[in-house]
1. Cβ-Cβ under 6 Å, sequence separation 6+ or interchain: first residue in the range 176-189 and assigned by TED's automatic domain parsing to the domain that holds L218 and within 10 Å of the ligand (Cβ to nearest atom), partner assigned to a strand (DSSP E or B) and among the charged types (D, E, K, R). Which pairs?
2. Hey, could you check the range 108-134 for residues that are away from the ligand (no atom under 15 Å from the Cβ) and within 21 Å of Q201 (Cα to Cα) and say which is surrounded by the fewest Cβ atoms within 10 Å (Cβ to Cβ)?
3. Quick one: is S324 touching an Asp or Glu at 6+ places or on another chain (Cβ under 8 Å), modelled with pLDDT of 95 or more, assigned to a loop (DSSP other than H, G, I, E, B) and not assigned by TED's automatic domain parsing to the domain that holds A212?
4. When only residues in the range 197-223 that are free of Cβ contacts under 8 Å to residues at least 60 places away in the same chain and within 16 Å of the ligand (Cβ to nearest atom) count, which is farthest from the chain's Cα centre (by Cα)?
5. For the range 102-132, name all the residues that are over 26 Å from T284 (Cβ atoms) and either touching a residue at least 60 places away in the same chain (Cβ under 8 Å) or in a helix (DSSP H, G or I) (or both).
6. Out of the range 41-62, which residues are modelled with pLDDT of 95 or more, surrounded by fewer than 17 Cβ atoms within 10 Å (Cβ to Cβ) and either among the small types (G, A, S) or farther than 24 Å from I383 by Cβ (or both)?
7. Return a yes/no flag: does the range 68-87 have any residue that is within 16 Å of the ligand (Cβ to nearest atom), surrounded by 13 or more Cβ atoms within 10 Å (Cβ to Cβ) and either in the same structural domain as L215 (by TED's automatic domain parsing) or closer than 30 Å to M340 by Cα (or both).
8. Looking at L93, L97, can you tell me which residue is within 16 Å of the ligand (Cβ to nearest atom), in contact with a helix residue (DSSP H, G or I) (Cβ under 8 Å, 6 or more places away or on another chain) and more than 13 Å from S275 (Cα to Cα)?
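The values are calculated or read from the model by the stated rules, or taken from the named source; none is laboratory data. Treat the numbers as computed from the prediction; the structure is a model and nothing was measured. Neighbour counts run over all protein chains shown; Cβ positions are idealised from the backbone, glycine included.
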Amino acid sequence: MSLLDRLQAFSQKHAISENNSVTPLSAVTKQLYSPTEGEVNGKPAILLGTNNYLGLTFDNACTEAGKKAIDQYGTGTTGSRLANGSYDGHKSLEQDLAEFYGVDHAVVFSTGYTANLGMISALVGHGDTIMLDEHCHASIYDGCKLSGANIIHFRHNNAADLEKRLRRLGDEIANTLIIVEGIYSMLGDRGNLKDICEVKQRYDALLMVDEAHSLGVLGGSGRGLAQESGVEALVDFTTGTFSKSLAGIGGFCVSHHPELEVIRYTSRPYIFTASPSPATIATTKQALAIISSRPQLREQLWKNAHQLYAGLAELGYELSPEISPVIAVNANTQENAMSMWTQLFEQGVYVNMVLPPATPGSRCLLRCSLSAAHTSAQIERVILAFANLQELPMLKQQIA
Ligand code: PMP
């Protein structure tokens, strides 16, 4: 089969056509009224698919800082920091991130995706081992592949399974990196970080935690699951993204290890891509400050999560196992997921349709992401839209 034939076969298998009714790829947002409402393909929609957890995309301090940075530094950096040097914003954001996490070292990447790619591929290589929670995000899987290390998956959130696999490594344990997440992106459940840390310590492995979905969401000052679990000192590398609570685009890694600085010379996804734009850096600095100064946003986010979860549970939907700002509704089949997604869209509610291979256990999910900026009335409208869905088999048990 030729390369183009292969693409055509994919297109036919997945019935991709210009004439399809609205799908996520053909949905175009022309106007946003607020962080949680906009006009998608000409229809007003409540936005429940963004990861705008704190609702800061239109925050005045953030937008003003972004505009000012464009005026002062222009629209883009047009190059890598290793080639062109840094803007002072890169340096000061790294300082802010280090201070926020209470560590000495922080590195900014161009996206959350490249933060994971860049860290994993710089930390481990051929002959080393990665122990990876099976529910980890695609960016972590891709980083593992890029690294060339030996990849071993352990059962989701199962510290005993991790330990069993570490024990089997014998002498090779010295060069092992364990990777887990704070809040897992598809089912919205928390990592079992306390137990994972306990195992990590016993086997003297390194631990990297991706707090992409938990920064600004968990922990006394919003630092994430490690803070909430009281194990920050045991985490070797924390990665995260600017594209969720921080309402921008970019990524980072923070660490108490001074060796983190070396990756600036060794990490291809850090070196061979342009550094984050001045506007991105400026808005992210403001958003990071807001995580510390406005804890009420975090409280509101959790109130909203409780309201939606309770409403959907009452309707009998099979939901992800724990109340969280990411709530996954099991649609069972691809056809159901598409039908539910379209019906919700027709009713002015935009959620994420997530299908295999992007989902754990090949589930077909509708993923709802809450924001502190959602109003209670908007959430009621979302629940009503789910209540109106036609003739779909609903399982009563929770997603395992
Ligand atoms: N890590 C996790 C857990 C994610 O869910 C995502 C994106 N959804 C990323 C990393 C990548 O972040 P970004 O989209 O900012 O590149």
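1. Cβ pairs passing all conditions: E181/D210; I183/R190.
2. If we filter the range 108-134 for residues that are away from the ligand (no atom under 15 Å from the Cβ), which is where we start, we get 122-131.
Right, trim to within 21 Å of Q201 (Cα to Cα) and you get 123-124, 128-131.
Working: L123: 25, V124: 24, D128: 17, T129: 21, I130: 25, M131: 27.
The qualifying residue surrounded by the fewest Cβ atoms within 10 Å (Cβ to Cβ) is D128.
3. Numbers: touching an Asp or Glu at 6+ places or on another chain (Cβ under 8 Å): yes; modelled with pLDDT of 95 or more: yes; assigned to a loop (DSSP other than H, G, I, E, B): yes; not assigned by TED's automatic domain parsing to the domain that holds A212: yes.
Against the criterion (touching an Asp or Glu at 6+ places or on another chain (Cβ under 8 Å), modelled with pLDDT of 95 or more, assigned to a loop (DSSP other than H, G, I, E, B) and not assigned by TED's automatic domain parsing to the domain that holds A212), S324 qualifies.
4. The initial filter retains those residues of the range 197-223 that are free of Cβ contacts under 8 Å to residues at least 60 places away in the same chain, namely 197-204, 207, 209, 211, 214, 218-220.
After this cut, where a residue has to be within 16 Å of the ligand (Cβ to nearest atom) as well, the list is 207, 209, 211, 214, 218.
Details: L207: 18, V209: 12, E211: 8, S214: 8, L218: 14 Å.
The selected residue is L207.
5. M131
6. Hits for the range 41-62 are F58, N60, A61.
7. Within the range 68-87, the subset within 16 Å of the ligand (Cβ to nearest atom) is none.
The answer is no, given that none of the residues of the range 68-87 is within 16 Å of the ligand (Cβ to nearest atom), surrounded by 13 or more Cβ atoms within 10 Å (Cβ to Cβ) and either in the same structural domain as L215 (by TED's automatic domain parsing) or closer than 30 Å to M340 by Cα (or both).
8. Details: L93 fails: more than 13 Å from S275 (Cα to Cα).
Answer to the selection: L97.
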